[in-house]
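The values are calculated or read from the model by the stated rules, or taken from the named source; none is laboratory data. Since the structure is predicted, the reported quantities are computational estimates derived from the model, not experimental observations. Neighbour counts are summed over all protein chains in view; Cβ atoms, including those assigned to glycine, are modelled from backbone coordinates with ideal geometry. Note: areas computed on protein heavy atoms with side chains; ligands, DNA, RNA excluded. Shrake-Rupley method; radii C 1.70, N 1.55, O 1.52, S 1.80 Å.
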Amino acid sequence: MNVVINNNIFKVIPLFTSKDIQQGMMRKKFDGSFDGMLFFMDKGPHSFWMKNCLVSLDIIFIDGKKINVIQHQCKPCKTEECPSYEGYGDLVLELPGGTCEKYNINDGDFIDFE
């Protein structure tokens, strides 16, 4: 599945189940086969943490097709006391840390699907 933001195309892995969403990028690296993960969730407030992640992430909270909040450069965490990154929406897109800055992706931008 592809997500398009500001004419930039990102190949994403869609995740639908609670188990898959909870695992997310834990213990995974971007290996060239995908650019990010897209979580399909119930609309509402959501909170993510970076426990056992290997790489920094930009966490993008999307309401409908509009970017609501971007949490930039969320750092991996190895302890039980990890910070939480919050936002609102029905989709959450995780991309490698720094992607939003590199491609000028901002709150209020719209996404589309290919």
Which of the residues spanning the range 5-35 are hydrophobic (A, V, I, L, M, F, W, C), surrounded by 12 or more Cβ atoms within 10 Å (Cβ to Cβ) and over 19 Å from residue 98 (Cβ atoms)? 13, 15, 21, 26
What is the residue count in the range 77-102 for residues that are under 14 Å from the mean Cα position of the chain (by Cα) and part of a strand (DSSP E or B)? 13
Checking residue 39 against (1) in contact with a Leu (Cβ under 8 Å, 6 or more places away or on another chain); (2) touching a residue at least 60 places away in the same chain (Cβ under 8 Å), only one condition comes out false. Which one? (2)
Out of 111, 60, sole residue that is under 16 Å from residue 6 (Cβ atoms), in contact with a Lys or Arg (Cβ under 9 Å, 6 or more places away or on another chain) and β-branched (Val, Ile, Thr): 111
If you go through the range 41-57, how many residues are within 13 Å of residue 24 (Cα to Cα) and surrounded by 19 or more Cβ atoms within 10 Å (Cβ to Cβ)? 4
Tell me the residue from 38, 91 that is within 16 Å of residue 107 (Cβ to Cβ) and surrounded by 14 or more Cβ atoms within 10 Å (Cβ to Cβ), please. 91
State which residue is least open to solvent (accessible area, probe 1.4 Å) when the search covers only the range 60-76 and only residues that are over 24 Å from residue 33 (Cα atoms) and part of a strand (DSSP E or B). 67
